1. Would you mind calculating the relative contact order of the stretch 63-287 from Cα pairs under 8 angstrom and at least 6 residues apart, reporting the percent as a whole number?
2. Under the classification rounded if a/c is under 1.5, otherwise prolate if a/b is larger than b/c and oblate if not, where does the stretch 63-287 fall, given a ≥ b ≥ c as square roots of the Cα gyration tensor eigenvalues?
3. If I stretch the segment between A12 and E190 completely, what's the gain in nm (0.36 nm per residue apart, minus their alpha carbon distance), one decimal?
4. Within the chain, what percent of beta bridges assigned by DSSP are antiparallel, to the nearest 5?
5. Amide H to amide H, which residues 5 or more places from D119 or on other chains are under 5 Å from it, using H placed in the peptide plane?
6. With the chain treated as a Gaussian network of Cα nodes joined by springs under 10 Å, which of V365, V160, V203 yields the largest mean-square fluctuation?
7. Using θ = phi - 60° and the Karplus relation 6.51 cos²θ - 1.76 cosθ + 1.60, list the HN-Hα couplings for the stretch 211-221 in order, rounded to whole Hz, with x at every Gly or Pro.
8. At E338 and R163, where each label point lies 7 Å from the Cα along Cα→Cβ, what is the point-to-point distance in nanometres?
Amino acid sequence: MRAPDRRSMISATVARLPASGIRRFFDLVGSMEGGISLGIGEPDFVTPQHIRDAAIASIRAGQTKYTSNYGIYPLREAIGRHLEARYGLRYDPSDEILVTVGVSEAVDLALRATLNGGDEVILADPSYVAYVPGIVLAGAVPIPVPTRDTDAHRLLPSAVAKRVTPRTRALFLGFPNNPSGAVLEPADIEGLAKIAREHDLIVYSDEIYDRLVYGTAHHSIAALPGMKERTVYLGGFSKSYAMTGWRVGYACAPAEVIEQMMKIHQYTVMCVPTAAQYAAVEALANGEPDVREMVAEYDRRRRFMWKRFNDMGLACFEPRGAFYCFPNIQSTGLGSEEFATRLLEEEKVVVVPGNAFGEHGEGHVRACYATSMREIEQACDRIERFVRRARA
């Protein structure tokens, strides 16, 4: 008698998710001698010493136990003061702020706590690689809206309005944008807020790069009239304070939303590591000079890389936020995957194919300038040499 076929141990939903296109290229360069990575979105700065010292002091003081699921109260208070000072947003630290394992967990919790099966979520394409998988894992349906070079990759309200249906539940904003470096103008934010109010939409606003803007100001949609009560504000410490490995993020939202997010957080990770939370308190208390110093250096690198791409004939709109350039590489006749693969093989430089961030990222690559100017200069020389050969 024939034995029954063994059922797969793998979830069909998870099996359909692609692996991160960022990590694939990052892992390849790790063992390559002489390689230069413009791939991973991580500050090249070390966490400032006074922030490290605060974590060490908390350990020496014996603060090594579980914290509240919501996070230590001093950190929630500090986050509340920070957002009020910057955007006029007032969140109650007792029940409207949740400290998470990086903003990545905050994104996941927000989606799972608020979406039901079949809900549609509108978002920009291209966007950060985790957004679409997070929506799918929450049982919802991503509705990508193309952004374009000609509009500096802003998410235009007119384009969003055309994609709203009776099944639309939410709008996901990730600005300043990864991968493009795009920022939204005040009129964009006001138009998107109007759509959200008219159609009773939730807004997830990932503002992890809010401090990394150049020649402009960042505006939070949550600060507009009637928006705080329908927005889940997502932030963190990784980018602005060079704290990627500490894994501290946060979510701010109405208490009923935070409570549901906390339940998932409670059953999965319990709490953020205690020492990392005390480091984050110090970052908010005394880290402003460090942020300004790093932003000034990023701006210097940004202007250099942006000019070099345009000078070598790779059309690149001016990125005004985050730490990425998003040049259009179609003039080489290569697709995003082939360009990135051959550049790595022939010149030992890592960039990320634009289509890793969505269908409409095709024809672009993402290059991160959160590395030393010396390496950026060398990488741009190698890219220019590669581009000349590709066009020959």
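Every number in this text was worked out from the coordinates using simple rules, so none of it is lab data. Note that the coordinates shown come from a computational prediction; the quantities given were computed from them, not determined experimentally. All Cβ positions, even for glycine, are placed from backbone atoms using ideal geometry, and neighbour counts span all protein chains on display.
1. RCO, the stretch 63-287: 29 percent.
2. It is prolate, given that a/c is not under 1.5 and a/b is the larger ratio.
3. 60.1 nm
4. Details: 14 of 35 bridges.
Approximately 40 percent, going by the DSSP bridge assignments.
5. V141
6. Highest fluctuation among the options: V160.
7. 7, 9, 10, 9, x, 7, 10, 8, 10, 8, 5
8. Reported label-point gap for E338 and R163 is 2.8 nm.
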